[in-house]
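Q: Take a look at the following structure, please.
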Amino acid sequence: MEPKDSAWSRRGVLTGGVALAAQSGALLAQSKVAASGRKFRGWVSRGSGPGRTTLEDLTLRAISGRQVVVRTEATNLCYSNTTDVLGLPVPGLAPASKDAAPRPVPPAFLALSRMALIQGHGGVGIVEAVGPQVRRVQVGDRVCVSGTPQCGACYQCLRGRADMCQFLGRQGPSDLVPIADLRDGTPVYANSHIGGLAELMVTFEEWVVPVFTKAPAAELGMVCSCVSVAGLGCTVSQVLAAVGPGTIVAVVGCGPLGLSAIQGARIAGASTIIAIEPIRARRDVAMKVGATHTLDPNVAGDKLVDKVRELSNGPNNRLWAGGRDSGGLLGGAGADFVVEAVGADRAKPKLEAGPDPTGILPIQQAYMMCAPGGHIVTTSLPTGNVTLPAVVFTIGGRTHHAGQCGGASPMRDIPRFVELLDKGQFDAKSLATTVVPLEGMLDAYQQVIDRTTVTAIMTA
């Protein structure tokens with residue numbers, strides 16, 4: 001029989017549990033008060049064409065269930081979101097030529113364009129309120145609102161592929177819930193359940209990752225951005241494939257995702273890192289953060305693949321001595337690991353343009369520059385279809401990985417990436433080349449689509 005005054009008696013444990021539950025209830029009540037009816041500002045997109053995104057005064061709705069309210073500190077202005085924010089034609093939906101008829105718009109896309117949406121791909125901030133079912137975070141926590149959710153319970157999460165969490169596919173018009181109201185009572189929704197271009201983010205627990213750091217907001221927003229998480233995920237997370245010590249890595253496209261992948265390759269121990277990018281300023285940044293060689297695809301032209309093979313043809317060509325034979329279908333020359341991060345142009349860049357605005361050619365080149373036995377991770381949003389030499393595809397020994405989020409597992413990997421920032425291993429400052437307040441968002445997004453900046457971060 002247990003002593004009545006034992007700290008470890010069943011009664012003591014249960015009493016402590018009741019006290020904890022009471023404390024949690026008090027915090028919950030406090031968080032509900034903080035959330036209900038709060039006024040805040042946010043960029044709201046609706047309709048079509050330039051001018052569709054305007055800065056509005058909003059009133060926060062009450063939260064429930066697994067919802068979390070986060071006060072935004074910083075958010076990445078992602079290139080893939082530019083057309084939605086700036087009201088430009090979407091690649092793949094624009095007419096093929098000036099005289100061509102408009103292409104049919106998918107119903108879901110049309111429905112979303114009619115809704116009042118806070119755009120964005122998440123960000124970092126401080127938790128201000130939580131719903132009654134939330135367990136992952138508490139009021140006062142600093143968090144990353146991830147571009148990819150991790151519920152931990154769906155088919156993909158249970159099989160180690162949180163990068164493909166099935167909640168990622170639940171962001172259609174009928175899936176979104178109103179989080180605020182405009183002055184005239186129009187309901188406002190958060191893009192992909194996360195938003196970001198506002199003073200507050202209202203999301204669900206599965207999209208939130210607690211991070212314990214005192215890093216400056218802009219730097220934390222950079223390393224926790226969808227692009228940096230995907231880039232580091234490719235080369236550090238080791239979910240899709242591992243970059244081992246002494247590996248030869250080629251990164252095709254040196255925007256923020258590619259530059260993050262370069263840093264991850266350096267951290268993982270790659271000995272040769274080849275950065276391929278048409279914009280000179282970005283090639284310079286690539287060398288600063290870890291690349292050992294750079295190539296301009298416009299200068300290299302159809303010799304690009306050969307140049308990568310020349311840089312990765314070693315240490316010798318003696319097969320009995322661990323060398324690489326550069327000839328034939330299964331010749332060993334080529335990068336051991338290739339990250340493709342180019343994608344289609346959303347608008348004509350003001351700096352050096354790449355050789356193919358659809359983003360298809362870089363994918364083909366990435367595949368062919370990979371050594372037999374190597375790995376290719378594709379991360380971009382191209383338009384069109386990819387054609388490859390059939391025999392190389394079927395028996396050429398290359399393994400392709402479709403790299404949504406770079407394979408990263410948000411709850412496991414984002415805190416690791418933050419640790420790399422805190423320890424000085426990840427250079428966020430060199431990537432966050434434009435930092436603006438909330439009011440400067442539209443001008444910064446114009447820089448992003450012009451590609452006159454590497455990454456734009458909005459602070460709120």
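Q: If we count every other residue with Cβ under 15 angstrom of residue 213's Cβ, Lys/Arg +1 and Asp/Glu -1, where does the sum land?
A: On the way: positive: 142, 214, 416, 423; negative: 73, 141, 219, 413, 419, 422.
Neighbourhood net charge equals -2.
Q: What is the sum of charges, Lys and Arg at +1 and Asp and Glu at -1, for the other residues whose Cβ falls under 12 Å from the Cβ of residue 82?
A: -1
Q: Residue separation times 0.36 nm, minus the C-alpha to C-alpha distance between residue 425 and residue 353: what's the value? Please report the intermediate quantities before stating the final value.
A: On the way: separation 72, 0.36 × 72 = 25.92 nm, distance 3.06 nm.
Gain on extension, residue 425 to residue 353, equals 22.9 nm.
Q: Another question about this same structure. In nm, to one decimal, how far is the residue 318 label point from the residue 59 one, both placed 7 Å along Cα→Cβ?
A: In this crude spin-label approximation the distance works out to 8.1 nm.
Q: Nearest 20 debye, what's the magnitude of the dipole of the range 325-375 about its Cα centre given +1 on Lys and Arg Cβ and -1 on Asp and Glu Cβ?
A: On the way: 3 positive and 6 negative charges, 55 e Å.
With only Lys, Arg, Asp and Glu charged at Cβ, the dipole is about 260 debye.
Q: Next up: With every protein chain present, what accessible area does residue 459 have (1.4 Å probe, heavy atoms only), rounded to the nearest 10 Å²?
A: Residue 459 has an accessible surface of roughly 40 Å² with all protein chains in place.
Q: If you take the square roots of the eigenvalues of the alpha-carbon gyration tensor of the range 221-285 and sort them as a ≥ b ≥ c, do you get rounded (a/c under 1.5), prolate (a/b over b/c) or oblate? It would help to have the intermediate numbers written out before the result.
A: Details: a/c = 2.13, a/b = 1.15, b/c = 1.86.
It is oblate, given that a/c is not under 1.5 and a/b is not larger than b/c.
Q: On a C-alpha basis, how far is the centre of the range 171-209 from the centre of the range 312-332 in Å? Whole number, if you could?
A: So the separation of the two Cα centres works out to 54 Å.
Q: Please figure out what share of the DSSP beta bridges in the range 171-286 is antiparallel and state it in percent, rounded to the nearest 5.
A: Values: 3 of 8 bridges.
In the range 171-286, approximately 40 percent of DSSP beta bridges are antiparallel ones.
Q: Something else about it: Grab the chain and count how many Lys pairs have their alpha-carbon atoms under 20 Å apart, sequence gap of 8 or more, or different chains.
A: Values: 98/348; 214/423; 214/429; 288/423; 288/429.
For the chain, the number of qualifying lysine pairs is 5.
Q: Taking every DSSP beta bridge that has both residues in the chain, what percent is antiparallel when rounded to the nearest 5? Don't skip to the end; give the middle numbers.
A: On the way: 36 of 65 bridges.
Of the beta bridges lying entirely in the chain, close to 55 percent run antiparallel.
Q: Using a Förster distance of 45 Å, how high is the FRET efficiency between residue 39 and residue 288, based on the Cβ-Cβ distance and rounded to 0.05?
A: Result of the calculation: an efficiency of 0.60.
Q: Starting from the Cα of residue 103, move 7 Å in the Cα-to-Cβ direction to define the label point; list residues of the range 332-369 whose amide nitrogen is under 19 Å from there.
A: 342-349, 356-364
Q: Going 7 Å from the Cα of residue 402 toward and past its Cβ, which residues in the range 139-176 have a backbone nitrogen under 13 Å from where you end up?
A: Within reach of a label on residue 402, which here means backbone N under 13 Å from a point 7 Å along Cα→Cβ, the range 139-176 contributes 164-165, 169.
Q: Apply the membrane-span-like helix rule to the chain: whole DSSP H runs, Cα extent along the own long axis of at least 20 Å, mean Kyte-Doolittle hydropathy at least -0.5. List the helices found. Walk me through the numbers before you get to the answer.
A: On the way: long enough: 10-35 (37 Å, 0.64).
Helices meeting the span and hydropathy rule in the chain are 10-35.
Q: Right, next: How do the peptides 48-55, 385-392, 450-457, 356-363 rank, highest first, by the average count of neighbouring beta carbon atoms within 10 Å per residue? List each step's numbers first, then the result.
A: Numbers: 48-55: 13.4, 385-392: 11.4, 450-457: 21.9, 356-363: 20.4.
Final packing ranking: 450-457, 356-363, 48-55, 385-392.
Q: Provide the packing ranking of 174-180, 366-372, i.e. peptides ordered by the mean count of other C-beta atoms within 10 Å per residue, highest first. Numbers along the way, then the final one.
A: Values: 174-180: 16.7, 366-372: 24.0.
Answer by packing, highest mean first, reads 366-372, 174-180.
Q: Something else about it: Show 112, 304 ordered by accessible area, largest first, where the area counts protein heavy atoms only and the probe is 1.4 Å.
A: Values: 112 45, 304 0 Å².
Heavy-atom accessible area, descending, gives 112, 304.
Q: Looking at 323, 198, 441, which one has the Cα that reaches farthest to the positive end of the dipole of the chain (charges on Cβ: Lys, Arg +1; Asp, Glu -1)?
A: Checked the options; the winner is 198.
Q: Where does each of 267-276, 422-431 land if you order them by average Cβ count within 10 Å, highest first? Write down the numbers at each step before the final one.
A: Numbers: 267-276: 21.3, 422-431: 17.2.
Packing order, densest peptide first, comes out as 267-276, 422-431.
Q: Once all Cα-Cα distances of the range 103-213 are split into 10 Å bins that start at 0, what whole-number percent is in each one?
A: In order of increasing distance, the bins hold 14, 41, 34, 10, 1 percent.
Q: In addition: Could you tally the net charge around residue 197, taking each other residue with its Cβ under 12 Å from the Cβ of residue 197, Lys/Arg +1 and Asp/Glu -1?
A: Every neighbour counted, the sum reads -3.
Q: With a 1.4 Å probe and every protein chain left in place, tell me how much accessible area residue 303 has, in Å² to the nearest 10.
A: Surface open to solvent at residue 303 totals about 110 Å².
Q: Once you have all Cα-Cα distances for the range 151-290, histogram them in 5 Å bins from zero and send the whole-percent values.
A: Percent of Cα pairs in each bin: 2, 9, 13, 16, 16, 15, 13, 8, 4, 2, 1, 0, 0.
Q: Also: What's the Kirkwood radius of the chain in Å, using all Cα pairs?
A: 23.4 Å
Q: At 1.4 Å probe size, put 306, 184, 345 in order of accessible surface, largest to smallest.
A: On the way: 306 65, 184 115, 345 40 Å².
Per-residue accessible area, sorted high to low, gives 184, 306, 345.
Q: Put 212, 109, 40 in order of accessible area, largest first, 1.4 Å probe: what do you get?
A: Values: 212 170, 109 75, 40 5 Å².
These residues rank, largest area first, as 212, 109, 40.
Q: Here's another thing I want to ask about it. About the Cα centre of the range 110-171, what is the dipole size in debye to 20, counting +1 per Lys and Arg Cβ and -1 per Asp and Glu Cβ, all else neutral? Before the final figure, lay out each step's value.
A: Values: 7 positive and 3 negative charges, 40 e Å.
About 200 debye.
Q: To continue, here is another question. Extension gain residue 138-residue 175, at 0.36 nm per residue separation less the Cα-Cα distance, in nm?
A: Values: separation 37, 0.36 × 37 = 13.32 nm, distance 2.52 nm.
Full extension from residue 138 to residue 175 adds 10.8 nm.
Q: Assigning unit charges at the beta carbon (Lys, Arg +1; Asp, Glu -1) and nothing else, what dipole magnitude in debye, to the nearest 20, does the range 272-388 show about its Cα centre?
A: Numbers: 12 positive and 12 negative charges, 46 e Å.
Rounded to the nearest 20 debye, it is 220 debye.
Q: Right, something else. Quick check: residue separation of residue 392 and residue 450 times 0.36 nm, minus the Cα distance between them. What number comes out in nm? Walk me through the numbers before you get to the answer.
A: Details: separation 58, 0.36 × 58 = 20.88 nm, distance 3.62 nm.
So the extension gain works out to 17.3 nm.
Q: Moving on to the next point. Distances longer than 16 Å among the Cα atoms of the range 396-460: what percent of all pairs is that? Numbers along the way, then the final one.
A: Details: 1349 of 2080 pairs.
So the portion of pairs separated by more than 16 Å is 65 percent.
Q: Counting only heavy atoms of the protein chains, get the accessible area per residue of the chain (1.4 Å probe) and round it to a whole Å² value.
A: Averaged over the residues of the chain, the accessible area is 45 Å².
The values are calculated or read from the model by the stated rules, or taken from the named source; none is laboratory data. Being a predicted model, the structure only gives us computed values, none of them experimental. Please note: Cβ atoms are built from the backbone with ideal geometry, for glycine as well, and neighbour counts cover all protein chains shown. These area figures cover heavy atoms from the full protein model, side chains too; ligands, DNA and RNA do not enter into them. Shrake-Rupley method; radii C 1.70, N 1.55, O 1.52, S 1.80 Å.
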